[in-house]
Amino acid sequence: MEQVIDIISWICLLGGALVVLIGGIGLVRFPDLFTRIHAASLADSGGAILVIVGCMLQAGLTLAGVKLAAILLFLLFTSPTAGYALAHSAITAKDDGLDVDIESD
Amino acid sequence: MIIVFSLFLLTMMVVVALAVVETRNLFAAAMLTGIFSFLMAANFFVLDAADVALTEAAVGAGVATVFFLGAIALSSEHEHSASRKFGLALLAVASTAVVILLGTMEFPILGDGSAPVHQHVAPWYLEKTPELIHVPNVVTAVLASFRGYDTLGEVFVVLTAAIGVLSLLGFPRNNSEENAVNDGLSHQKILHIVGKLLIPLIILFGLYVQFHGDFGPGGGFQAGTIIAAALILYALLSGGDRARRQMPPRLLFGMACLGAFIYAGVGGTTLLLGGNLLDYSVLSHDPVHGQHLGIMLIEFGVGLAVASVMLTIYHAFAGHEHR
């Protein structure tokens with residue numbers, strides 16, 4: 001039983017690391033602001049959820065596990081909201097005639 | 001494993017520091033200093049300095065970044081390119097770096113328990129804290145009781161920061177009711193609802209950090225910053241005018257002074273009761289109980305002063321442009 005939980009936990013951790021890595025690559029490689037926000041919020045939400053669930057499985061039913069659950073709940077509220085706020089203000093800025101395209105450097 | 005992590009953190013810090021120097025865009029520079037502070041906080045945590053890590057994350061990465069953004073909003077987003085003479089500066093920096101690097105050769109290895117710094121007063125603190133003060137967190141015992149003098153000084157430094165900002169920018173003037181058009185982000189429903197949900201939780205966490213400081217990482221400085229961050233979030237969501245009507249900056253500044261006064265007042269009370277300045281043992285019949293009482297009171301004073309100073313500075317920056 002313990003071994004099964006350990007394997008699931010490592011699948012979650014490695015999967016989360018992979019999602020964050022893909023999100024990071026996307027953040028650099030995608031062509032414009034909105035696709036980049038998509039990549040960043042993917043890493044922010046999906047990757048963080050997987051990593052924290054993996055850690056929770058490692059911690060088990062301890063105080064650390066409860067704290068991780070609280071952090072996960074907090075992240076589930078904040079990171080989609082942050083992505084929304086960024087995209088929304090980019091649209092507003094575009095409507096106001098500001099240039100939101102990525103400077104190529 | 002932890003060595004690899006430390007090396008990664010330190011390398012990233014060097015990269016971020018170089019990027020801060022290199023960029024001309026001040027908005028990017030402010031964000032990079034926030035990232036730098038987060039890396040520093042993680043580094044402190046690796047070194048088992050949880051209290052300092054909490055402070056660095058809350059102050060350096062959180063509130064300081066907001067202050068930078070407020071200052072940028074009042075000025076320009078781009079750095080003026082000045083004529084730069086590299087030669088002399090490079091020579092000075094390079095020679096200092098060589099001296100410092102030579103100095104580190106003599107240093108004891110990181111984490112060496114027999115290093116002089118760990119043999120000076122630290123063993124005494126570790127040995128005497130359970131007996132004299134009886135709190136699990138030695139950092140709080142050192143900060144609030146053994147070295148209460150220094151912390152009193154720090155609180156007055158924080159208060160001086162608020163006085164400095166206020167004397168430069170002045171108290172923000174409130175717009176009268178009819179032309180208070182600035183309602184912040186309250187027309188954005190998603191942000192408003194999520195903010196409403198999170199602000200009480202953040203304040204609750206701040207109170208936990210405040211009153212749990214004797215037992216775990218935390219204390220007045222961290223708690224004050226966290227509570228101030230929640231109230232800054234409120235001001236961003238509901239508009240500065242509304243936030244200032246509910247918590248007038250003059251009242252906030254008065255609360256900051258009250259916080260410092262509580263701390264100094266505890267010191268004065270111990271003097272009047274016949275003890276030394278900030279020797280809390282005289283506050284109660286039982287010296288250990290007196291220490292607990294004194295630490296709780298001065299931590300409350302610190303939290304009040306820090307939260308009020310942060311909010312005063314924020315409102316001084318944010319209310320300036322509406323004049």
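The values are calculated or read from the model by the stated rules, or taken from the named source; none is laboratory data. Keep in mind it's a predicted model, so treat the numbers as computed, not measured. Note: ideal-geometry Cβ built from the backbone for every residue, glycine included; neighbour counts use all protein chains shown.
Among residues of the range B:241-270 that are outside the structural domain of residue B:223 (by TED's automatic domain parsing), none has a beta-carbon under 6 Å from a residue that is in a helix (DSSP H, G or I) and of a type in the set (Asp, Glu) at least six positions away or on a different chain.
Every condition in (1) under 20 Å from residue A:88 (Cβ atoms); (2) buried (at least 18 other Cβ atoms within 10 Å of the Cβ) holds for residue A:30 except the one numbered (2). Residues of the range B:101-142 that are assigned to a loop (DSSP other than H, G, I, E, B) and closer than 18 Å to residue B:289 by Cα: B:134, B:135, B:136, B:137.
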